[in-house]
Amino acid sequence: MPDDLYQRYQAAHRAHQAHIRTCARCTDAARCPGGQRAYELFVRLQDAYLARQREQRRR
């Protein structure tokens, strides 16, 4: 069974990448409101996934 958190993290990454490819307002240094939301979702999910990976390695 695929890992749901991993799937959501990857989907958020793809959504963020798709947004920045098409948004003229987003740059490496600044993001439009939609780009900021997409980036923050990606970062939160990535952090949660990586934290869980670290925790599983400790066991």
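The values are calculated or read from the model by the stated rules, or taken from the named source; none is laboratory data. These numbers come from a predicted model, not from an experiment. For neighbour counting, all protein chains shown are included, and Cβ atoms are generated from backbone atoms with ideal geometry for every residue, glycine included. Heads up: the accessible areas ignore ligands, DNA and RNA and are worked out on the full protein's heavy atoms, side chains in. Shrake-Rupley method; radii C 1.70, N 1.55, O 1.52, S 1.80 Å.
Tally time: how many residues in the range 25-51 are open to solvent by less than 80 Å² (accessible area, probe 1.4 Å) and over 15 Å from residue 15 (Cβ atoms)?
So the count comes out to 6.
Can you name every residue in the range 15-59 that is more than 24 Å from residue 3 (Cα to Cα), polar (S, T, N, Q) and in a helix (DSSP H, G or I)?
22, 36
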